[in-house]
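Okay, so here's the structure we're looking at.
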Amino acid sequence: MSAAEAYESAETLQNVSTLKSEERRERRTFLGLSIPAVLVIFVVVFLPVLWLSSLSFYNAAGELSMENYARIFESALYKRTFVVTFQISVAVTVICVLLGYPLCYWLTKVSDKTAAILMVFVLVPFWTSVLVRTYAWLVLLQRNGIINSSMMSMGIIDEPLQLAHNLTGSIIGMVHIMLPFLVLPLYATMRTVDTDLVRAAIGLGSSPRGAFWRVFFPMSLPGLFAGIVLVFILSLGFFVTPALLGGGRVQMLAQRIESTITVYSNWGAASALGVVLLLMALVVIWLMNRFFGLDKLFIR
Amino acid sequence: MSSTQSLPIDISGLCKSYGSFKALDDVSLNIAAGEFLTLLGPSGSGKTTLLMALAGFTRPDSGSIRFGDQEVIATPPNKRGLGMVFQSYALFPFMTVAENVAYPLKIRGISKSDQKTRAEHALDTCQLGGYGDRRINQLSGGQRQRVALARAMVFEPRIILMDEPLSALDKKLREHMQIELKALHQKLDATVVYVTHDQREALTMSDRIAVVNHGRIEQIDTPERLYRQPHSFFVADFVGESISLPVEVANDKAHLNGRLLKSGSTIAQGSGGHHLVIRPELLEVTSGAVPETANDLSGHVHDIIYQGESVLVIVKHDSVGEINVRVPANRAGQTGLPSKGERIGLALHPEDTIIVPEHAS
């Protein structure tokens, strides 16, 4: 080996170690950037959840027991709360799909400018406080509210309808609040559907209706499932709107948790309910992924 | 199993405007049964609008489209019975290759077993035998294009429309597919209308080419006639490599810088000034003096550019400026080729002298 060659190979070795350390430094930078967020989530989400779930295993006397869970499955009151929570969540999800799907489909058909304006109408309420919107619905839906009085003056109804302080009111308010959660992922997915695909289906002999059901609808399913999961899970734990528009007649799970703490000061029982709610949400996500293969549907 | 017969297409007086923009300006065109016709034009020329009007996705303002002796102007696209191939392939991503190909058969209520055999046959024809169970995202661009072709021909349509089907492929594969498509057309009994902006692709594949510009058909001819006898400056410029020089025309004689140009054919009439169109490969490099029968375009070699299969020589002519000459890169082409700065004899023979008006009459 000549002196020049030796020098060259030493330089090559030097390069290898420099490149390696550069790579390590880059990885450390990315890790460093994500650490604050990870810490925040750990401190404000994971620790409280762990602490609360540990509370659920203590009874009122402060002894370790499964009493709280046993009561959830034995008490008829709790059972009814679960049934009502599920019924409302399913109803809200179904109504959101029925309202949201045609809306999104229409948004893909209008010009980009019109679609942008219409999206603002979807988003402005989305950015408004849930409390404000719920009170607004209360004003609209009450016995002598604008909906009842205008329908009566038009002669559609003789008596004011009972729209607020009951199940109907809760569902109307929740649908309004949940709709953007369905519309946003669904519209995003629909926009990515290549219009040539629908054209191809029609060109090859499908009727426009057939092309919609055989091509467009399956292509929009990932967005629809994402929206359904969001709306359903958010509905399961929803508090403000059913509490205000339900007028105390509608008891959903979150309200039961709240009253267990504020009225009975029973943290153990409330935590057990919270844990069950969390598990239900996880099961829903797992089931959706299992049977509809959310990940598989995204492959293009 | 083939019982179909290709259909002729008669288009007459087709108009389509978007506001004041005329996408189709009184287009009339007859396409023979079994012909491979290419609509060639730059983007925005109206070629895709014309194809979409044939397919039924664009509703023209007026005119007539007949497939055979059937008027289809008001027929919805799904009732026109066309095979279609899209630029984006438009394969259904949630279906397998075989399901994609069988789609038109399924729509037509053909039995499951028939669907299977016919889809397999179509895939074999497109050299994709055994790929039926693959998913679309497991295929390369070229394979996807073949699936799209198989799907367009599986139900034996009498007319197949293709919208720039090869433009997303790389050059080598594109050239290979051009030959393959041409061969496939000869096997199928179908009239093919093909849209492209690639003039070389059009020359390679077509029986006839319709050059479209500003919503009108500038010229419709065989590839060779289009190349050698363009009717207008636009066609001459768009099809093939060329440089053009303005010429004065009087009494059916053309003059370049005051010198009479010897031309083999009568000069086409039209509006606007006339141009001499020089194809770089049609110029002859002469070792001695340029023969009396040819036009003399001799000058000095300005630059020599090696381009693989050929060499481009840029010549500075004394009065008309730069002229490009293409010579083959083989030994015959290179013998006696002058080097930079030297004088080069260039002969343009009368039969290669193309003189066109700015606009065809």
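A search for C-beta distances below 8 Å between a residue of region A:280-300 that is at negative phi and any residue that is assigned to a helix (DSSP H, G or I) and modelled with pLDDT under 75, counting only pairs 6+ apart in sequence or on different chains, returns A:MET288/A:LEU294; A:ASN289/A:ASP295. Filtering region A:192-212 to residues that are in a helix (DSSP H, G or I), within 7 Å of chain B (Cβ to nearest Cβ), open to solvent by less than 10 Å² (accessible area, probe 1.4 Å) and farther than 14 Å from B:PRO93 by Cβ leaves only A:GLY203. Inside region B:196-232, residues that are open to solvent by 40 Å² or more (accessible area, probe 1.4 Å) and part of a helix (DSSP H, G or I) make up a count of 8. Filter region A:239-288 for residues that are part of a loop (DSSP other than H, G, I, E, B) and open to solvent by 30 Å² or more (accessible area, probe 1.4 Å) and give the result. Selection gives A:PHE239, A:GLY247, A:GLY248, A:ARG249, A:GLN251, A:VAL263, A:TYR264, A:SER265, A:ASN266.
On the given criteria, is B:HIS317 open to solvent by less than 30 Å² (accessible area, probe 1.4 Å), closer than 28 Å to B:PHE233 by Cβ and at pLDDT below 90? Yes, satisfied.
Looking across region A:215-233, the residues that are open to solvent by 10 Å² or more (accessible area, probe 1.4 Å) and either within 19 Å of B:PRO157 (Cβ to Cβ) or more than 9 Å from chain B (Cβ to nearest Cβ) (or both) come down to A:PHE216, A:PHE217, A:LEU224, A:PHE225, A:ALA226, A:ILE228, A:VAL229, A:LEU230, A:PHE232, A:ILE233. Within the bounds of region B:36-51, is there any residue that is among the aliphatic types (A, V, I, L, M), within 14 Å of chain A (Cβ to nearest Cβ) and crowded, with 20+ Cβ neighbours inside 10 Å? For region B:36-51, residues among the aliphatic types (A, V, I, L, M), within 14 Å of chain A (Cβ to nearest Cβ) and crowded, with 20+ Cβ neighbours inside 10 Å: present.
Here A:GLY210, A:GLY205 are screened, and the one residue that is in the same structural domain as A:GLN87 (by TED's automatic domain parsing), at positive phi and without any contact (Cβ under 8 Å) to a residue 12 or more places away in the chain is A:GLY205. Scanning region B:154-167 for residues that are in a loop (DSSP other than H, G, I, E, B), among the aliphatic types (A, V, I, L, M) and under 16 Å from the mean Cα position of the chain (by Cα) returns a single hit, B:LEU166. For region B:233-248, filtered to residues that are touching a Pro at 6+ places or on another chain (Cβ under 7 Å) and in a loop (DSSP other than H, G, I, E, B), the residue that is least open to solvent (accessible area, probe 1.4 Å) is B:VAL239. Evaluate region A:12-23: report whether one residue or more is of a type in the set (Gly, Ala, Ser) and free of Cβ contacts under 8 Å to residues at least 24 places away in the same chain. So far as region A:12-23 goes, yes, one or more of its residues are of a type in the set (Gly, Ala, Ser) and free of Cβ contacts under 8 Å to residues at least 24 places away in the same chain. Within region B:334-361, which residues are of a type outside the set (Ser, Thr, Tyr), more than 19 Å from B:HIS231 (Cα to Cα) and loosely packed, with under 15 Cβ neighbours inside 10 Å? Within region B:334-361, B:GLN334, B:GLY336, B:LYS340, B:GLY341, B:GLU342, B:ARG343 qualify. Selection of first residues in region B:69-87 that are facing chain A (nearest Cβ under 7 Å) and of second residues that are in a strand (DSSP E or B) and of a type outside the set (D, E, K, R), restricted to Cβ pairs under 8 Å at least 6 apart or on distinct chains, gives the following pairs, ordered by first then second residue: B:LEU82/B:ILE159; B:LEU82/B:ILE160; B:LEU82/B:LEU161; B:MET84/B:ILE160; B:MET84/B:LEU161; B:MET84/B:MET162. With respect to being more than 23 Å from B:THR48 (Cβ to Cβ) and touching a residue at least 40 places away in the same chain (Cβ under 8 Å), B:ALA268 fits the description.
For B:LEU7, the criteria (1) surrounded by 16 or more Cβ atoms within 10 Å (Cβ to Cβ); (2) within 14 Å of chain A (Cβ to nearest Cβ) hold in every case but one, which is (2).
When you check A:SER220 against the structure, is it polar (S, T, N, Q) and within 17 Å of B:GLU99 (Cβ to Cβ), yes or no? So A:SER220 fails the test. Looking only at region B:99-154, residues that are in contact with a strand residue (DSSP E or B) (Cβ under 7 Å, 6 or more places away or on another chain), within 12 Å of another protein chain (Cβ to nearest Cβ) and open to solvent by less than 40 Å² (accessible area, probe 1.4 Å) come to 3 in all. Within region B:114-140, residues that are under 19 Å from B:PHE94 (Cα atoms) reach partners that are aliphatic (A, V, I, L, M) and part of a loop (DSSP other than H, G, I, E, B) with beta carbons closer than 7 Å, at six or more positions or on different chains, in the pairs B:ALA119/B:VAL154; B:ILE136/B:LEU91; B:ASN137/A:ILE299.
The values are calculated or read from the model by the stated rules, or taken from the named source; none is laboratory data. Just so it is clear, the model here is predicted, and its values are computed rather than measured. Don't worry about glycine lacking a Cβ; one is built from the backbone with ideal geometry, like all the others, and counts go over all protein chains shown. Keep in mind that these areas ignore ligands, DNA and RNA; they rest on the heavy atoms of the full protein, side chains included. Shrake-Rupley method; radii C 1.70, N 1.55, O 1.52, S 1.80 Å.
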